[in-house]
1. Return the distance in nm (one decimal) between the two label points of a simple spin-label model at E194 and H213, each offset 7 Å from Cα along Cα→Cβ.
2. For the range 216-231, in order, what is each residue's ³J(HN,Hα) by Karplus, 6.51 cos²θ - 1.76 cosθ + 1.60 with θ = phi - 60°, in whole Hz (x at glycine and Pro)?
3. Going highest first, how would you order 178-191, 104-117, 198-211 by mean Cβ packing within 10 Å?
4. Among rounded, prolate and oblate, which fits the range 126-229 when a ≥ b ≥ c are the square roots of the eigenvalues of its C-alpha gyration tensor, a/c under 1.5 means rounded, and a/b larger than b/c means prolate?
5. Expressed in nm to one decimal, what extension gain is obtained for the pair Q254 and D96 from 0.36 nm per residue of sequence separation less their Cα-Cα distance?
6. Find how much the distance from V140 to K238 grows on full extension, using 0.36 nm per residue of separation minus their present alpha carbon separation; answer in nm with one decimal.
7. Can you give me the Cα centroid spacing of the range 194-260 and the range 116-152 in angstrom?
8. Probe 1.4 Å, all protein chains in place: accessible area of M143 in Å², nearest 10?
Amino acid sequence: MGRFRSEKDSDYYKVLDDAINSYTWAAVVKLQERKVIDEVLGPIGQGKEAKIVLAKRHDGSYAVLKIFYPVPVRFTKSRYGYIFGDPRFRNLKISDQLHLVEIWCRKEYGNLSRAYEAGVQVPRPYGFYRNVMVMQFIGVGNMPAPRLEEVGLNNLDDPQAVFYEILKNLEKTYIAAGLVHGDLSPFNVLYDGEKPWIIDWGSAVRRGHPKEHEYLRRDVERILQFFKNPLDPHYLFKRLVERGSYRGPLDVDQEGWLLVGGKRLLDD
Ligand SMILES: Nc1ncnc2c1ncn2[C@@H]1O[C@H](COP(=O)(O)OP(=O)(O)O)[C@@H](O)[C@H]1O
Ligand SMILES: [Mg+2]
């Protein structure tokens, strides 16, 4: 019985794998037809749920494709859990699973676009189709920028300046974009030697989401932790929430800090 089942599982996987390849390929071709990208150059990174592929645009600039893998229900843990882990979805057909990956891709693309429009330092979104999204390549030449985690705190020339840049972006995300990133950590910040770029917006939630405060608190804590900053995380969290309830017009000063009622985040 056990043996029979595992054979069935591997057949199922194979069918799904073929489906992924042709399915993804068709999406990439569609993005080429729509002139979102020109040439596909090759993979540069691999995440748990996505593959990152370097591409060229028609103006000669680079872009990256983030290709989400469609993963069968029972092989999936982590962040798809809230859809895939739901018993109501236990008997999803392959076509439905592909559809869920499209929803995830659309969600991440939507969050990224919202952050971009609000002036957060993120890769510029170029377009998406099904399970493939296209965004600005962050790097120097064709070398992708390292993650802040790989750079390490001790190798930053001016850690304080990078910390402030991230705080400005964290606050803009919350107050100007009305989002909480939800997975902000040195693994999801790229550093090109000048500026930090915030990536990986799939877990972001709109303000008003039941996990808004939990995620915001965690994002704040992880950033303070990386920079070994003595600021009290609870103070910073509370300060952000207070400023978030302000209803007047927002302004940004010359240094890029959000002004809420004329004050910066770290002003008294
Ligand atoms: N716009 C980009 N420019 C350059 N490299 C990128 C870009 N987006 C992602 N990467 C690389 O791909 C890795 C995985 O991307 P990410 O969006 O964090 O996916 P995952 O959801 O799998 O964590 C990143 O850590 C980074 O190294
Ligand atoms: Mg990531």
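The values are calculated or read from the model by the stated rules, or taken from the named source; none is laboratory data. Because the structure is predicted, anything quoted here is derived from the model rather than measured. Cβ placement follows ideal geometry from the backbone for every residue including glycine, while neighbour counts extend to all protein chains displayed. Please note that ligands, DNA and RNA were not included when accessible areas were found on the heavy atoms of the full protein model with its side chains. Shrake-Rupley method; radii C 1.70, N 1.55, O 1.52, S 1.80 Å.
1. 4.0
2. 4, 4, 5, 4, 4, 4, 5, 6, 4, 4, 4, 7, 6, 7, x, 3
3. Going by the mean number of other Cβ atoms within 10 Å, highest first, we get 178-191, 104-117, 198-211.
4. It is oblate, given that a/c is not under 1.5 and a/b is not larger than b/c.
5. 52.0 nm
6. Stretched fully, the V140-K238 segment lengthens by 31.5 nm.
7. 20
8. Accessible surface of M143 is approximately 120 Å².
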